[in-house]
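What follows is one structure encoded as structure tokens, with my remarks underneath.
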Amino acid sequence: MDRFEGLDEAFDTVAEIAPVEVTKKKPPIKGEKDDVQDDYEYARANLYQLVDKGQEAINGALDLAMSSDHPRAYEVAGQLIKNVGDVADKLMALQKVKKDVKEEKAKGPTNVTNALFVGSTADLQKMLKDASKKKDK
């Protein structure tokens, strides 16, 4: 006897397992051309799947809550709605993180504040003297 058989009878449902489509994209390999883009696409696809599955769960929980009028069912539906909203926020944050990483990658140091001369004192004096002569001309 199935442990959920009583629930199936009470809710007048049929126990059936629906096939789940899972898009399996292997994680990017280190050292590939554009790791940032691959990671972004992988994370984005996963977040979209979470939002879709969350929407399905919300619909089921709301149907159950409305049919049973049980407070706990409404509480669970509310938690699911909050979680799906959080995942949607993560999608937006992912956009910002990608933009920041791209800018950081493209942007190098713009100002050199510490210059270092490697050589002897005589070399430095000779270089300064030559620079002074060129400036006077």
Which pairs do you get when a residue that is in contact (Cβ under 8 Å) with a residue 40 or more places away in the chain and within 14 Å of ASP86 (Cα to Cα), found in region 49-65, comes within reach of a residue that is part of a helix (DSSP H, G or I) and hydrophobic (A, V, I, L, M, F, W, C), reach meaning Cβ atoms under 8 angstrom, with the pair 6+ apart or on two chains? VAL51/VAL84; VAL51/VAL87; VAL51/ALA88; VAL51/LEU91
Of all residues in region 19-49 being of a type in the set (A, V, I, L, M) and over 12 Å from LEU94 (Cβ atoms), which is modelled with the lowest pLDDT? ILE29
Tabulated pairs, region 84-101, first more than 30 Å from GLY60 (Cβ to Cβ), second of a type outside the set (Gly, Ala, Ser) and in a helix (DSSP H, G or I), C-beta under 7 angstrom, 6+ apart or interchain: LYS98/VAL36; LYS98/TYR40; VAL101/VAL36
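The values are calculated or read from the model by the stated rules, or taken from the named source; none is laboratory data. Since the model is a prediction, treat every value here as computed from it, not as a measurement. Because the Cβ atoms are built from the backbone with ideal geometry, glycine has one as well, and the counts that use them run over all protein chains shown.
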